[in-house]
1. Calculate, for segment 63-110, the solvent-accessible area per residue in square angstrom, rolling a 1.4 angstrom probe over the heavy atoms of the protein chains.
2. Sticking with the crude label model, points 7 Å out along Cα→Cβ, report the distance from LYS59 to GLU106 in nm, one decimal please.
3. Using the crude model of +1 on Lys and Arg Cβ and -1 on Asp and Glu Cβ, and no other charge, please compute the dipole size for segment 68-110 relative to its Cα centre, in debye to 20.
Amino acid sequence: MAAFGRFTQSLVRSSLTQTRRQLSAAAEHGEHSTKTWKILTFVVALPGVGVCMLNTFLKEQQHSHEQPEFIPYSHLRIRSKRFPWGDGNKSLFHNPHVNALPDGYEGHDE
(Lines give C-alpha, C1' and ligand atoms only; values in the text may rest on other atoms or scores of the structure.)
Protein backbone atom coordinates (compact mmCIF):
# COMPACT_ATOMS: atom_id res chain seq x y z
CA MET A 1 0.00 0.00 0.00
CA ALA A 2 2.83 2.37 0.83
CA ALA A 3 4.44 1.53 -2.52
CA PHE A 4 1.26 2.55 -4.32
CA GLY A 5 1.24 5.88 -2.46
CA ARG A 6 4.86 6.56 -3.39
CA PHE A 7 4.15 5.63 -7.01
CA THR A 8 1.17 8.05 -7.12
CA GLN A 9 3.24 10.85 -5.58
CA SER A 10 6.03 10.35 -8.09
CA LEU A 11 3.50 10.52 -10.98
CA VAL A 12 2.01 13.73 -9.58
CA ARG A 13 5.47 15.27 -9.08
CA SER A 14 6.58 14.37 -12.61
CA SER A 15 3.40 15.81 -14.14
CA LEU A 16 3.81 19.02 -12.11
CA THR A 17 7.44 19.33 -13.17
CA GLN A 18 6.49 18.81 -16.81
CA THR A 19 3.72 21.43 -16.55
CA ARG A 20 6.14 23.95 -15.00
CA ARG A 21 8.63 23.39 -17.83
CA GLN A 22 5.94 23.93 -20.46
CA LEU A 23 4.73 27.11 -18.77
CA SER A 24 8.23 28.56 -18.52
CA ALA A 25 8.84 27.78 -22.19
CA ALA A 26 5.54 29.48 -23.07
CA ALA A 27 6.52 32.51 -20.99
CA GLU A 28 9.77 32.88 -22.93
CA HIS A 29 7.86 32.60 -26.20
CA GLY A 30 5.36 35.21 -24.95
CA GLU A 31 8.13 37.68 -24.18
CA HIS A 32 9.55 37.24 -27.67
CA SER A 33 6.10 37.69 -29.27
CA THR A 34 5.45 40.80 -27.21
CA LYS A 35 8.72 42.35 -28.33
CA THR A 36 7.98 41.50 -31.99
CA TRP A 37 4.49 43.04 -31.91
CA LYS A 38 5.73 46.15 -30.13
CA ILE A 39 8.37 46.68 -32.83
CA LEU A 40 5.80 46.08 -35.59
CA THR A 41 3.43 48.58 -33.99
CA PHE A 42 5.97 51.39 -33.90
CA VAL A 43 7.73 50.61 -37.19
CA VAL A 44 4.79 49.57 -39.44
CA ALA A 45 1.38 50.40 -37.95
CA LEU A 46 1.89 53.95 -36.67
CA PRO A 47 3.71 55.20 -39.79
CA GLY A 48 1.00 53.51 -41.88
CA VAL A 49 -1.71 55.42 -40.01
CA GLY A 50 0.28 58.64 -40.48
CA VAL A 51 0.58 58.07 -44.24
CA CYS A 52 -3.16 57.38 -44.48
CA MET A 53 -3.94 60.58 -42.54
CA LEU A 54 -1.66 62.61 -44.83
CA ASN A 55 -3.25 61.06 -47.93
CA THR A 56 -6.75 61.89 -46.68
CA PHE A 57 -5.74 65.47 -45.83
CA LEU A 58 -4.17 66.05 -49.24
CA LYS A 59 -7.13 64.54 -51.11
CA GLU A 60 -9.54 66.72 -49.10
CA GLN A 61 -7.57 69.84 -50.09
CA GLN A 62 -8.12 69.00 -53.79
CA HIS A 63 -11.82 68.21 -53.34
CA SER A 64 -14.36 70.85 -54.34
CA HIS A 65 -16.82 71.81 -51.63
CA GLU A 66 -19.62 72.98 -53.89
CA GLN A 67 -23.06 71.47 -53.60
CA PRO A 68 -24.21 69.60 -56.68
CA GLU A 69 -27.14 71.02 -58.60
CA PHE A 70 -30.47 70.00 -57.09
CA ILE A 71 -32.55 67.88 -59.45
CA PRO A 72 -35.98 66.95 -58.02
CA TYR A 73 -36.15 63.28 -59.00
CA SER A 74 -39.54 61.80 -58.14
CA HIS A 75 -38.13 58.59 -56.67
CA LEU A 76 -35.82 60.33 -54.17
CA ARG A 77 -36.64 61.99 -50.83
CA ILE A 78 -40.14 60.51 -50.63
CA ARG A 79 -41.90 61.41 -47.35
CA SER A 80 -44.97 59.21 -46.87
CA LYS A 81 -45.19 60.23 -43.19
CA ARG A 82 -43.38 62.73 -41.00
CA PHE A 83 -40.28 61.83 -38.99
CA PRO A 84 -41.03 61.74 -35.23
CA TRP A 85 -38.32 64.33 -34.40
CA GLY A 86 -37.70 67.97 -35.22
CA ASP A 87 -39.89 69.46 -37.92
CA GLY A 88 -40.63 65.99 -39.35
CA ASN A 89 -38.99 66.72 -42.68
CA LYS A 90 -35.33 66.05 -41.82
CA SER A 91 -33.80 62.62 -41.22
CA LEU A 92 -32.20 61.85 -37.85
CA PHE A 93 -28.66 62.46 -39.15
CA HIS A 94 -29.54 65.37 -41.44
CA ASN A 95 -26.64 67.52 -42.66
CA PRO A 96 -27.85 70.74 -44.35
CA HIS A 97 -24.67 71.04 -46.42
CA VAL A 98 -24.99 67.57 -47.96
CA ASN A 99 -28.57 66.31 -47.61
CA ALA A 100 -31.31 67.98 -49.65
CA LEU A 101 -34.92 68.24 -48.56
CA PRO A 102 -37.71 67.29 -51.00
CA ASP A 103 -37.90 70.88 -52.28
CA GLY A 104 -34.12 71.59 -52.45
CA TYR A 105 -31.16 72.44 -50.27
CA GLU A 106 -31.69 74.52 -47.13
CA GLY A 107 -30.78 78.21 -47.30
CA HIS A 108 -30.78 78.36 -51.10
CA ASP A 109 -33.75 80.29 -52.45
CA GLU A 110 -33.52 79.95 -56.19
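1. Accessible area per residue: 90 Å².
2. 2.8
3. Its charge dipole is roughly 380 debye.
The values are calculated or read from the model by the stated rules, or taken from the named source; none is laboratory data. In this text, all values refer to a predicted model and were calculated from it rather than measured experimentally. Don't worry about glycine lacking a Cβ; one is built from the backbone with ideal geometry, like all the others, and counts go over all protein chains shown. Please note that ligands, DNA and RNA were not included when accessible areas were found on the heavy atoms of the full protein model with its side chains. Shrake-Rupley method; radii C 1.70, N 1.55, O 1.52, S 1.80 Å.
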